[in-house]
Structure formats: C-alpha cells, structure tokens
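I have placed the structure first, in the form of structure tokens, so that the comments after it can refer back to it.
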Amino acid sequence: MDQKDIKFRCHGVQVYYGDTHAIKDVDVDIEDKTVTAFIGPSGCGKSTFLRCLNRMNDTIASCRVEGDIRLDDEDIYHRDVDPVQLRAKVGMVFQKPNPFPKSIYDNVAYGPKIHGLAKNKAGLDEIVEKSLRRAALWDEVKDRLDTPGTGLSGGQQQRLCIARAVATEPEVLLMDEPCSALDPIATAQVEELIDELKQRFSVVIVTHSMQQAARVSQKTAFFHLGNLVEYDDTNSIFTNPQDPRTESYITGRIG
Amino acid sequence: MTNASLNTGGEAPKRSLRAQDALTKRRNAAERRFKAYGMAAIAVGLFFLAVLAVSIVRSGAPAFTRTVVEVELTVSPADIDAAESQLFKTKAYQDLFVAALDRQLTNNGVEVAFDPKAIERLLGKVGSTMREFYQANPAKVGKPVKFELAAASRVDRYLNGELTRDAIQDSRFMMKTDLDLVDVMVDTGVMKSSFNWTFITGADSGVDNPGGAGIGASVVGSFFMMLVVLVLSLPIGVAASIYLEEFAPQNRFTDLIEVNISNLAAVPSIVFGILGLAVFIQFMHLPQSAPLVGGLVLTLMTLPTIIISTRASLKAVPPSIRDAALGVGASKMQSVFHHVLPLAMPGILTGTIIGLAQALGETAPLLLIGMVGFVARGYPDGVVSGFVDPNSAMPAQIYTWAARADASFYEKAWGGIIVLLAFLLTMNIIAIILRRRFERRW
Ligand SMILES: Nc1ncnc2c1ncn2[C@@H]1O[C@H](COP(=O)(O)OP(=O)(O)OP(=O)(O)O)[C@@H](O)[C@H]1O
Ligand SMILES: [Mg+2]
C-alpha cells in the first residue's frame with residue numbers, strides 16, 4: 001500500500017461543552033485523497049470531533065477545544081488563522097439538511113459567489129449544474145432552479161446541501177451522516193460522488209451504516225463515549241477488530 | 001405461562017372507536033371551553049372596537065363639514081370707487097354683500113329685514129374678506145363672483161341640534177333673532193353644509209375662531225417628526241441589535257446593557273420629554289418646538305422597542321442557517337446580512353411599526369419641549385424649515401383643542417383623532433406591503 005500524505009494531524013484533542021467532556025484525548029491522522037469513516041454509537045462525539053476540523057465549534061459559546069489540530073502542518077487553532085478561510089478549504093455537510101431559504105440556484109451559487117470562483121453568470125451556471133449533477137440532484141431540479149430549496153423533500157434537501165458544499169471546491173469535505181435521509185438509489189449516487197471526490201480531496205464521513213463505512217471508506221475510526229477506541233484501515237477494522245468494544249459495535253451488540 | 005400473562009392486557013372489553021371514553025370526553029370538553037373563552041374574548045374586543053369607532057366617527061364627523069353661505073354678486077368698478085372713498089371702507093363692502101344677499105333671498109320669495117350686525121355675527125368680517133379679495137384679484141371686478149363664506153361655529157352647532165334656540169343667550173356673539181335669518185337662509189338654500197377643507201389643510205386658529213382651525217400644519221409636523229424617528233431609530237436600533245445578538249461576547253457588561261434596554265422600554269414617556277428638554281434644548285441649544293427635537297426625543301423612546309423586537313426576530317432565525325452560511329465559508333457578517341437579516345426582516349418591520357405608532361401618538365414629551373398645539377400656526381416653507389421651525393404634532397394639537405373652553409373645539413379634537421388614525425393606518429399599510437415583499441423572498 002502506498003504511503004499517502006497526511007491532511008489533518010490531530011493530537012491530544014479534548015473538547016468540552018461547559019463541564020461535559022465530550023472528546024477525550026483523541027489522536028488521529030486523516031490522510032489526503034482518502035475517505036475516512038467515523039463510526040460509533042449515538043452521542044459518542046463523532047459530530048463534535050468533525051466540527052473541530054473546520055472550527056464550527058467556535059460558534060458554540062460553551063464549547064472549548066484543546067489540543068493540536070494541523071491542516072497541512074498548520075495549526076488551525078492558531079491565533080492568526082481566520083476560521084472563515086479555513087472553512088472555505090474544509091467544506092461541511094451537516095447532519096440535518098439546512099438549505100438556505102432561497103432558490104435552489106442561489107443555494108448552490110452562494111459559496112462560489114462569495115469566494116469569487118466564477119467570473120461571470122455563465123461560469124456560475126456551469127458550477128451550479130456541475131455541483132448539482134455531482135450530488136445526483138440535477139435531473140430532479142433542473143426545471144425548477146428558481147423555486148425555494150426549502151420546498152424540496154428531506155433527501156433532496158440533503159443532496160442540495162452536498163451540492164452546495166462541493167460547489168466551493170473544498171480540499172477536505174466533512175460529511176455528517178449525509179445519507180441518513182436518502183433512499184438506496186440516492187445513497188449509491190452520493191457514494192459514487194464520494195468515490196470520485198477522493199481522487200482529489202480528502203473526505204471524512206460520519207455514518208451509522210456499517211455497510212456504508214465498509215463500502216466507501218479506506219480508513220475507519222471507531223468512537224465510544226468520547227474516546228477514539230480504534231483507528232485503522234477499514235478492512236482491518238471490519239475483519240479483525242483489535243478492541244472488544246469495536247467488535248461488539250460492528251456486530252451490533254452495543255450501540 | 002407467557003401467553004396467559006400477555007393476554008391479561010387484552011381482557012378489557014373491546015370498545016368501539018366511535019364511543020368516547022371518559023378521558024376523551026373530558027379533554028374534548030376542555031378544548032371546547034377554551035375555544036369558547038377565546039371567541040368570547042375576541043367578541044368583547046370587537047364590541048369595544050366598534051363602540052370606539054362609532055363614537056369617534058359620530059363625534060368627529062362634524063369637524064369635517066361646515067356651514068357656508070353662498071352668495072353670487074357682481075361688483076362694478078363704480079362700486080369699488082365709491083366704497084374706497086368712504087371712511088369705513090369694509091362697511092361699504094359689507095353693504096354690497098348684504099344687498100346681494102337680500103336680492104338672492106327676494107328672488108326666492110322671502111322678504112326679511114336685515115340687521116347688518118347680524119351678518120357680522122353670523123358670517124364674521126365679510127367686508128374685509130371681500131375687500132381683500134378684490135384687491136388681490138382686480139380682474140374679477142365687474143364679473144360675477146361666487147363668495148362662499150363660513151358661518152360662525154354657533155351656527156354649525158345650532159343646525160346640528162347641539163345648540164337650541166332656548167339655550168342661546170343674547171350676546172355679542174349671537175342673538176336669538178339671528179336664528180330667524182339662519183332658518184330663512186337654510187330654507188332658501190343660501191346657507192348649506194359643505195366639506196370643510198380648512199380642517200384638513202389649515203393650521204391652528206385663535207381660541208375665538210374654532211371654524212378656522214385645521215390640523216394640516218400639525219400633520220406636517222408629525223410627518224417630519226416620524227421621518228426623524230424612522231431615519232434614526234431604524235438603523236441605530238437594527239445595528240445595535242445585530243451587534244448585541246450576533247457579535248457581542250456574553251459577559252456581565254452585555255448583560256447589563258440588555259437589562260438596561262429592557263428597562264428603558266418601560267420608562268414613562270414624559271421622562272424622555274424632560275430629558276429632551278434638558279439635553280437638546282437647554283444644553284445643545286436646538287430650537288424649541290421643532291419637529292427635529294421632537295423626533296430626537298421620540299427616537300430615544302422608540303429605540304428600546306425596536307431593539308427588543310429586532311433581537312427577538314434575530315433569535316428566531318434557526319441557528320442551522322448561520323451554520324450553513326459559515327459552513328460554506330461565509331464570514332460572520334456575510335452570514336448575518338445575506339441570510340439572517342432577510343429572514344428577520346418581517347419581524348423587524350413589525351417592531352418598527354409598533355414603535356413608530358407609539359411615537360406618533362405620544363403627547364406628553366412633546367408638550368415639555370414646546371410642541372404645543374397653538375404653535376402650529378402655518379406651514380413650514382421648505383424641508384429645512386419643516387425640521388427646525390416651530391410646529392406641533394397631531395396628538396399635541398388634539399390635546400390643545402380638547403383643553404380649550406369653546407365647545408366647538410371639542411369636535412375638532414375628535415376630528416383630529418380621525419385624521420391621526422388615518423395617518424396611522426396609512427403607515428401600517430405601507431409596513432404591511434413592505435413586509436409582504438420581504439416574506440415573498442422566503
Ligand atoms: N451544543 C452542545 N452543547 C452541549 N453539549 C453538546 C452539544 N452538542 C453535543 N453535545 C454533547 O456532546 C456529546 C457528543 O455529541 P455529538 O453530537 O458529537 O454526538 P454524535 O456522535 O454525533 O451522535 P449522533 O450519532 O447521534 O449524531 C453528546 O453527549 C452531546 O450531549
Ligand atoms: Mg452527530
């Protein structure tokens with residue numbers, strides 16, 4: 001197996017919500033051009049850890065992050081780092097679909113617009129179409145791009161959010177349970193997209209579906225009660241888990 | 001054994017879904033009672049609203065009409081010369097008028113003996129009105145002119161039944177015999193009721209001339225004041241709310257500010273009035289009785305209302321929208337101005353209109369800074385003058401009228417209230433239209 005570059009290097013990460021210790025001393029290295037899956041029972045801190053990677057936790061007043069997280073060997077929690085610039089590089093799809101209450105077109109075009117990615121309207125149209133196609137939504141919405149994004153079904157909204165996230169061409173894409181509201185066909189399409197994205201980017205995906213983790217990811221991290229229990233190649237995790245907790249989780253005995 | 005224990009639950013007699021059990025009945029009854037209370041409350045509210053509307057319209061409507069005497073006459077150049085050569089020139093003009101009126105009544109088959117003084121009592125200084133007219137329009141000399149002269153307010157009140165013949169005491173204002181003339185003029189159609197444009201367009205008059213009083217000047221005063229309030233309180237209030245809600249750190253200091261803003265909203269308006277007097281007039285030497293100062297005082301009063309409602313509507317925007325914007329790399333300010341603020345806009349507009357409506361109806365602080373009714377003696381000439389020249393505002397004007405001794409001002413006060421409500425309604429309608437605009441953008 002060829003050695004890949006490390007995109008995110010996390011060391012001794014602790015996260016507190018007030019007095020709650022939500023992430024306990026996590027070390028993890030996320031590789032470039034790789035899909036990394038975070039699995040674990042509900043409430044174990046997968047979303048919390050994911051939000052550390054693009055500093056979305058900054059928006060929660062009670063949340064405190066400690067430890068060292070480096071993106072391309074730069075400390076993202078350094079005083080000089082502008083989280084806005086970081087988030088342009090590290091895109092995110094949230095657990096709950098949250099389209100803007102604007103048109104479908106504007107939802108996707110918003111990121112490219114504020115980052116100046118398109119020179120003109122035609123360029124923007126192109127980005128919007130490409131992003132919607134990648135998110136497997138284009139055929140469903142191409143005739144009603146000017147209708148509100150909030151009027152779509154739950155699964156469509158989630159794909160719209162995926163399209164919005166990929167439209168800004170991030171280097172890392174964080175996806176928090178992107179397929180929990182999708183039917184098997186759309187799920188397959190999103191998985192295809194993830195597969196395609198990993199040619200160029202690094203993708204981190206939180207999922208409750210073992211099959212999905214096994215299908216799309218190359219690396220898997222298993223979280224339990226705020227601890228990173230095991231982090232290894234997906235193959236090894238699923239075929240030869242080292243920790244008994246991992247084994248019982250993937251075989252469905254805890255969770 | 002498991003079978004037996006499981007079945008105990010199913011032993012209860014099967015009951016039809018169509019028969020309500022006791023609990024359901026109680027819940028439904030509670031719901032019906034609650035609905036009845038609600039409807040009763042609304043009915044009571046509507047009843048009082050209707051009573052209010054009827055009494056306002058009944059009392060205020062007379063302010064919009066006035067009694068006039070319409071006389072057509074032709075004054076020849078010779079008449080003018082003759083009149084101008086006399087010592088009491090206006091008396092000569094009045095004689096011309098009386099002659100014309102007499103002719104008109106005779107044509108209608110009525111003969112009356114005139115007391116020229118009666119004309120003065122009923123119609124005011126007819127002679128000087130005519131003289132001024134011909135001096136201003138020399139071209140009208142020798143041509144038929146229709147004069148429409150407003151009758152004294154006592155005539156109005158006599159005609160609409162408020163004043164009876166028995167109640168009139170002979171005085172220099174009115175004699176019982178004058179009423180005969182009034183009756184004759186009404187019968188012949190010379191005296192009739194017409195729409196009182198003076199009330200809409202005029203300015204306040206002296207205490208002895210209720211007929212000439214109008215609310216127009218103070219409407220303009222209120223308008224300029226609302227302009228000041230809107231231009232200052234909306235941007236300041238919204239900016240302050242956005243800062244407090246989205247950017248400010250949560251600490252003791254911001255908590256203190258928050259508490260203070262809430263308390264300010266409850267401060268009686270007269271306190272703001274005395275503050276305005278001390279700060280704007282005595283310390284900053286801004287002009288007294290000026291709509292600018294009134295607007296500044298009312299801005300202070302309106303700000304807390306706008307800030308509180310704006311913060312509430314910013315809070316109501318789901319945090320997921322902010323996350324979404326930040327997630328695609330928008331800055332905090334972009335997320336606020338592109339996404340949060342448009343969603344909060346309907347709520348902000350509602351708060352603003354409530355604040356403005358309160359400010360529009362506020363009287364007490366205006367009295368303290370000298371915007372009393374009787375300063376509304378004319379229209380400002382120009383925009384700057386509109387802000388800084390002494391003027392009144394509608395509620396202060398209404399208050400001044402209501403406080404005057406002459407009962408004719410009482411109906412002016414009611415009429416003023418109708419105009420005030422119409423102004424308010426216009427403001428609300430504009431706000432509703434704007435809000436629709438914003439809501440349509442999802
Ligand atoms: N905003 C918050 N304030 C306080 N505590 C929080 C907050 N968000 C999460 N937590 C706590 O942190 C812990 C981890 O939550 P997190 O959302 O990361 O779980 P998760 O692994 O993503 O769960 P799920 O699979 O259900 O999404 C939980 O115990 C939760 O109660
Ligand atoms: Mg989660």
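For this structure, a couple of remarks:
- Tally, over the range A:165-190, of residues that are hydroxyl-bearing (Ser, Thr, Tyr) and within 13 Å of ligand 2 (Cβ to nearest atom): 1
- Counted as qualifying within the range A:1-118 are the strands (runs of 3 or more DSSP E) with 1 or more residues that are within 16 Å of ligand 1 (Cβ to nearest atom) and more than 24 Å from residue A:165 (Cα to Cα), namely A:6-17, A:20-31, A:63-71.
- Candidate set from the range A:31-54 (those that are surrounded by fewer than 22 Cβ atoms within 10 Å (Cβ to Cβ) and more than 13 Å from ligand 2 (Cβ to nearest atom)); member that is nearest to the other protein chains (Cβ to nearest Cβ): A:32
- Evaluated against (1) in contact with a Pro (Cβ under 7 Å, 6 or more places away or on another chain); (2) away from chain A (no Cβ under 13 Å), residue B:313 falls short on exactly one condition, (1).
- Subset tally (residues that are free of Cβ contacts under 8 Å to residues at least 60 places away in the same chain and surrounded by 16 or more Cβ atoms within 10 Å (Cβ to Cβ)) for the range B:266-285: 1
- Failed condition for residue A:174, given (1) more than 14 Å from chain B (Cβ to nearest Cβ); (2) within 16 Å of ligand 1 (Cβ to nearest atom); (3) within 17 Å of residue A:96 (Cβ to Cβ): (1)
- Restricting the range A:83-137 to residues that are β-branched (Val, Ile, Thr) and within 7 Å of chain B (Cβ to nearest Cβ) leaves a set whose member that is surrounded by the fewest Cβ atoms within 10 Å (Cβ to Cβ) is A:84.
- Options B:156, B:208, B:170, B:204; residue that is more than 30 Å from residue B:307 (Cβ to Cβ), buried (at least 19 other Cβ atoms within 10 Å of the Cβ) and modelled with pLDDT under 85: B:156
- Sub-8 Å Cβ pairs linking a first residue in the range A:52-67 that is over 13 Å from residue A:18 (Cα atoms) to a second residue that is among the β-branched types (Val, Ile, Thr) and not in a strand (DSSP E or B), at least 6 apart or interchain, are A:53/A:76; A:55/A:76, ordered by first then second residue.
Okay, residues lined up against (1) within 27 Å of residue B:209 (Cα to Cα); (2) without any contact (Cβ under 8 Å) to a residue 40 or more places away in the chain:
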{"residue": "B:70", "(1), (2)": "yes, no"}
{"residue": "B:84", "(1), (2)": "no, yes"}
{"residue": "B:106", "(1), (2)": "no, yes"}
{"residue": "B:113", "(1), (2)": "no, yes"}
{"residue": "B:117", "(1), (2)": "yes, yes"}
{"residue": "B:120", "(1), (2)": "yes, yes"}
{"residue": "B:131", "(1), (2)": "yes, no"}
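- Scope the range B:163-211; condition touching a residue at least 24 places away in the same chain (Cβ under 8 Å) and of a type in the set (A, V, I, L, M); matching residues: B:174, B:175, B:181, B:182, B:184, B:185, B:186, B:190, B:191, B:200, B:203, B:207
- Within the range A:150-188, tally of residues that are buried (at least 20 other Cβ atoms within 10 Å of the Cβ) and in a loop (DSSP other than H, G, I, E, B): 7
- Residues located in the range B:364-378, provided they are modelled with pLDDT of 85 or more and either surrounded by fewer than 21 Cβ atoms within 10 Å (Cβ to Cβ) or of a type in the set (A, V, I, L, M, F, W, C) (or both): B:364, B:366, B:367, B:368, B:369, B:370, B:371, B:372
- Those residues of the range B:184-212 which are outside any helix (DSSP H, G or I) and closer than 30 Å to residue B:301 by Cα, in sequence order: B:202, B:203, B:204
- Here the range B:316-333 is the region considered, the condition is being surrounded by fewer than 18 Cβ atoms within 10 Å (Cβ to Cβ) and farther than 15 Å from residue A:107 by Cβ, and the residue that is farthest from the other protein chains (Cβ to nearest Cβ) is B:316.
- Of all the criteria given as (1) in contact with a His (Cβ under 8 Å, 6 or more places away or on another chain); (2) polar (S, T, N, Q); (3) surrounded by fewer than 15 Cβ atoms within 10 Å (Cβ to Cβ), the one not satisfied by residue A:147 is (1).
- Within the range A:55-82, the set of residues being facing another protein chain (nearest Cβ under 8 Å) and either within 13 Å of residue A:10 (Cβ to Cβ) or surrounded by fewer than 22 Cβ atoms within 10 Å (Cβ to Cβ) (or both) comprises A:59, A:61.
The values are calculated or read from the model by the stated rules, or taken from the named source; none is laboratory data. The structure displayed is predicted, hence computed values, not measured ones. A quick note on method: Cβ atoms are made from the backbone with ideal geometry, for glycine too, and the neighbour counts reach across all protein chains shown.
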